[in-house]
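Heads up, the thing below is written out as structure tokens.
A short reminder: the numbers here are calculations on the coordinates, not readings from a lab. Quick caveat, the model's predicted, so the values are computed rather than measured. Glycine gets a Cβ as well: all are built from the backbone with ideal geometry, and neighbour counts include every protein chain shown.
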Number of protein chains: 2
Amino acid sequence: MEFSSKIIEQAVDAFSQLPGVGKKTALRYVLHVIKQDKLQVDQLSKLVSQLKTDLRFCSKCHTIAEQEVCDICLNPSRDESTVCIVQDYRDILAIENTGLYKGHYHVLGGLISPLEGITPSGLNIETLVLKLDSGKVKEIILALNATMEGETTSFYIFRKIAPYNIKLSAIARGIAVGDELEYADEITLGRSILNRVPFDSLLKK
Amino acid sequence: MEFSSKIIEQAVDAFSQLPGVGKKTALRYVLHVIKQDKLQVDQLSKLVSQLKTDLRFCSKCHTIAEQEVCDICLNPSRDESTVCIVQDYRDILAIENTGLYKGHYHVLGGLISPLEGITPSGLNIETLVLKLDSGKVKEIILALNATMEGETTSFYIFRKIAPYNIKLSAIARGIAVGDELEYADEITLGRSILNRVPFDSLLKK
């Protein structure tokens, strides 16, 4: 595509670096911005640059925070001895939304993926080991995606944690609430039978 | 969704004003920006605000331009007496890409759509009438979408142009190059038979 203006061309290039955005979608965004009020556009421009200047990664759990240490790590009412390992910030949002977890988190920043060139050294695993060395952690919960990469990463962390004699659990895999058995895949259904739970534990939630 | 940071929340709101972007996609964009280099982020922020400050609408054809009048309207080798009416800037890009049109354009800025509350007064039709009044225009080509809104707008413009005794044409509707007749809808196929063209005119292109 050839644009009539250098600025449009550069803006389309910049927008098309966003995940899942191609040139056509980027152009739609650009044309939309041109039609917006100046106030809204200035706000978007300011916020984009603030995302980089005013946010950082929590030095304890690596989530995104406005200060050196995030609110969850600073909160004294949260249980420091339980650490839930997640891939990124969005997983923390999802788990926090349930309102059922009161421990700390540790954000890996990705999953091991040889195809995408992501090795364990590219993830926040060293600081996890330091946390274990401190002796404060009693339980680790693996809450990674149920994908090949998630399982690989879970297994890698399992091997890292093994020497520490720390309780290690993973979030339950099973039939999603509202799903019909008929349409569940056999691996999920098989696991949900193997990992069946006492019925009264379901009543509590 | 509840975010841990006011800046993330505001940035998600700002991004989700882009067309077709919901909260989840906006959050993906925000997290991507946070992980980008400072240079790239500053570039995006600067370009967004430049879209508003450095671009304007051409005073003659209403397309997006860096100066008061766009390059096409300024180009002396283009035929001022033929004006192609399009919905927006993207249609000009598409037609320019063909390399087969050497006239001027007129951007309506939308299509008549009672459902979306877009009436003729919301489109650039007054300036089109002024152009016709000037007496320089010999032919008008309607190149609007083949949708209900496009046809309504074409008909509205047809009525506006009728008193002027100007040649009025519309881009050909028919079977797309590469398409199979078997799968064409009957209206398109019907029109392509009624509007058949001399075979040797196809050989030239």
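Just to check I understand the Karplus step: with θ = phi - 60° and J = 6.51 cos²θ - 1.76 cosθ + 1.60, what whole-Hz values come out for the stretch B:90-105, glycine and proline as x?
Taking θ as phi minus 60°, the curve returns 5, 5, 5, 3, 5, 6, 4, 4, 5, x, 10, 10, 10, x, 9, 10 Hz for the stretch B:90-105.
Under a point-charge model restricted to the Cβ atoms of Lys and Arg (+1) and Asp and Glu (-1), what is the dipole moment magnitude of the protein assembly as shown relative to its Cα centre, in debye to the nearest 20?
Charge dipole of the protein assembly as shown: 520 debye, to the nearest 20.
Place +1 on the Cβ of every Lys and Arg and -1 on the Cβ of every Asp and Glu in the protein assembly as shown, take the dipole about the Cα centre, and give the residue among A:Leu100, A:Ser4, B:Val107 whose Cα lies farthest towards its positive end.
The listed residue farthest towards the positive side: A:Ser4.
Tell me which A residue has its C-beta closest to the axis rotating A onto B, and the distance in Å?
Result for the axis mapping A onto B: A:Ser45, 2.
Using only Cα atoms, what Kirkwood radius does the stretch A:131-205 have, in angstroms?
14.6
Angle between the Cα long axis of helix A:148-161 and the longest principal axis of chain A, 0 to 90 degrees, nearest 10?
For A:148-161 against chain A, the angle is about 50 degrees.
Assign one of three labels to the stretch A:6-53, namely rounded, prolate or oblate, based on the Cα gyration tensor with a ≥ b ≥ c the square roots of its eigenvalues; rounded applies when a/c is under 1.5, prolate when it is not and a/b is larger than b/c, and oblate otherwise.
Verdict is oblate for the stretch A:6-53.
Summing -39500 (n - 2.57) over the DSSP H runs of n ≥ 4 in the protein assembly as shown and dividing by its residue number, what mean residue ellipticity at 222 nm do you reach, to the nearest 500 deg cm²/dmol?
After summing the helix terms and dividing by residue count, I get -12500 deg cm²/dmol.
With the contact rule set at Cα under 8 Å and sequence spacing of 6 or more, what percent relative contact order holds for chain A?
Reported relative contact order: 12 percent.
Where Rh denotes the Kirkwood radius from the mean inverse Cα pair distance, what is Rg over Rh for chain A?
Using Cα coordinates only, the ratio equals 1.06.
Kindly write out, for the stretch B:4-13 in residue order, the coupling ³J(HN,Hα) from the Karplus curve 6.51 cos²θ - 1.76 cosθ + 1.60 (θ = phi - 60°), rounded to whole Hz, with x marking Gly and Pro.
Computed from phi, the couplings for the stretch B:4-13 are 7, 9, 4, 5, 4, 4, 5, 5, 4, 4 Hz.
Would you kindly calculate the mean projected area, averaged across all directions, of the convex hull enclosing the Cα atoms of the protein assembly as shown, in square nanometres?
Across all orientations, the protein assembly as shown yields a mean hull projection of 28.7 nm².
Using Cα atoms only, what is the angle between the long axis of helix A:23-35 and the major principal axis of chain A, expressed in degrees (0 to 90) to the nearest 10?
Helix A:23-35 sits at roughly 60 degrees to that axis.
What number comes out for the charge environment of B:Lys102, summing +1 per Lys or Arg and -1 per Asp or Glu over other residues with Cβ under 9 Å away?
0
If you keep only loop residues by DSSP, which GluC sites (Glu not before Pro) in the stretch A:1-89 have at most 13 other Cβ atoms within 10 Å of their Cβ?
Those satisfying the criteria are A:Glu2, A:Glu68.
Determine the alpha carbon to alpha carbon distance for each of A:Lys24/B:Lys52; A:Lys60/A:Lys138; B:Lys102/B:Lys138; A:Lys102/A:Lys138; A:Lys131/B:Lys23 and list only those over 22 Å.
In this structure, A:Lys131/B:Lys23 exceed 22 Å between Cα atoms.
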